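Values in this text are rule-based calculations from the coordinates and carry no lab data. Everything numeric in this text was worked out from a predicted model, so none of it was measured. With ideal geometry, Cβ positions are generated from the backbone for all residues, glycine too; neighbour counts draw on all protein chains shown.
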Amino acid sequence: MTTATSMNPSLFRVICILHSVIALTSGTLMMFYTEKASIFGPGSEIASKLKGSTPHDELLIQISQSFSGLLLFAIGFVLFMVSFVKDREFHSFFAGGSVILSLRVNGFVEGFVRVENRRSCL
């Protein structure tokens with residue numbers, strides 16, 4: 001059963017592989033090159049402030065960033081595997097689920113930023 005909104009399988013594969021490469025690269029950089037990668041984001045001055053004040057804080061921050069990188073790497077690996085699925089119904093299901101997940105994460109981040117902005121004003 002094909003619908004008018006079904007996506008071309010090769011386009012789905014290209015999109016999944018592109019996102020997979022981005023997630024795998026970002027995850028690897030976060031796991032193994034945290035210091036060098038953080039300079040590109042906020043800048044070297046702010047990155048040095050974000051390291052932590054004690055060795056224990058530095059270790060916790062490094063472990064947290066490594067786990068975040070591992071999660072990104074795992075997501076990239078799953079996307080790479082999904083890109084080779086040939087079922088069109090699964091394509092639409094996966095794409096719809098990805099859009100819903102992205103919207104929910106975006107809403108969570110916006111809510112978190114709003115709460116933090118209220119706290120800083122107090």
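Points to keep in mind about this one:
- For the stretch 55-63, 3J(HN,Hα) per residue [Karplus equation, 6.51 cos²θ - 1.76 cosθ + 1.60, θ = phi - 60°, Hz, x = Gly/Pro]: x, 5, 4, 4, 5, 5, 5, 5, 5
- Spin-label model, SER68 to SER102: label points 7 Å out along the Cα-to-beta-carbon direction sit 2.0 nm apart.
- In a fully extended conformation the segment linking LEU59 and ARG119 would gain 18.9 nm over its present Cα-Cα distance, using 0.36 nm per residue.
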